[in-house]
Amino acid sequence: MNHRKLFRPLLLAAAVAAIAGAAVAAPQAQPSDAQPQEHSRHARIDVNGDGVIDRTEAAANPRLAAKFDELDKNRDGKIDASERPDKGRHGRGGHGIQPLIEADKDQDGRISRTEAGQVLWLEKIFAEVDGNRDGYVVRSELRSYHEKLRPQREAERAKRFDEHFAQADLNHDGKLSRLEVSEKMPQLSESFAFMDEDRDGFLTRDDLRHSRH
């Protein structure tokens, strides 16, 4: 059996699960001219700043809304960084799967420290991902690293959410009126009534969090 061909798909499967986690801890590359535009576009769509795009937020972008189910690979009702349309962007700074495929030059299903030089984020955190210190990154190590970062990512999402909510809460009463939403989260204005399930004329933190499910 050709073991090199066997290991290759295993690495690719793990990479899909690991990309988002690795991107959080990895020092970021200098952005290209297109990257600030992509970041700004996603920031405008992710109105509550939790790091993911839910159906309500996606509704503000017809093209994204039309592809929502296709992009939501894990069917959790949200599009995270690894599921966004630009996830396959090539280059040393890209966090898609293609840079990993290209980095595995000898096609043995693992990435050496030398090969990791082709993928900026992996190059910078190689020692952290290489759990057994054998000089290679393999499927299980990518998965373990991803899982280790999960609490950190969730905490960062929660922090961003609270910061965005506090900025929109102009009178600091712990809830958002239609006026506050229209001024600070205008992309949610059309969805206000749908999210205001108790019809009290305000959106609370729980209202916004529940809209993501």
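Just a few scattered comments:
- Residue within the stretch 131-148 that is more than 21 Å from Arg55 (Cβ to Cβ), exposed (fewer than 13 other Cβ atoms within 10 Å of the Cβ), at pLDDT 90 or above and within 18 Å of the chain's Cα centre (by Cα) present: yes
- Candidate set from the stretch 67-98 (those that are at pLDDT 80 or above and part of a helix (DSSP H, G or I)); member that is surrounded by the most Cβ atoms within 10 Å (Cβ to Cβ): Phe68
- Residue match in the stretch 159-173 (condition: surrounded by fewer than 14 Cβ atoms within 10 Å (Cβ to Cβ), within 22 Å of the chain's Cα centre (by Cα) and closer than 24 Å to Met195 by Cβ): yes
- Number of positions in the stretch 94-138 that are out of contact with any Gly (no Cβ under 9 Å at 6 or more places or on another chain), over 25 Å from Arg84 (Cβ atoms) and touching a residue at least 40 places away in the same chain (Cβ under 8 Å): 5
- Single residue of Ala58, Ala29, Ala127 found to be modelled with pLDDT of 80 or more and either over 15 Å from the mean Cα position of the chain (by Cα) or farther than 30 Å from His164 by Cα (or both): Ala127
- Search result, residues across the stretch 149-175 that are in contact (Cβ under 8 Å) with a residue 12 or more places away in the chain and among the basic types (Lys, Arg): Arg150, Arg153, Arg157, Arg160, Lys175
- Boolean, Ser177 is of a type in the set (Ser, Thr, Tyr), at pLDDT 90 or above, farther than 30 Å from Glu128 by Cα and surrounded by 12 or more Cβ atoms within 10 Å (Cβ to Cβ): yes
The values are calculated or read from the model by the stated rules, or taken from the named source; none is laboratory data. Note that the structure is a prediction, hence the values are computed from the model and not measured. Neighbour counts are summed over all protein chains in view; Cβ atoms, including those assigned to glycine, are modelled from backbone coordinates with ideal geometry.
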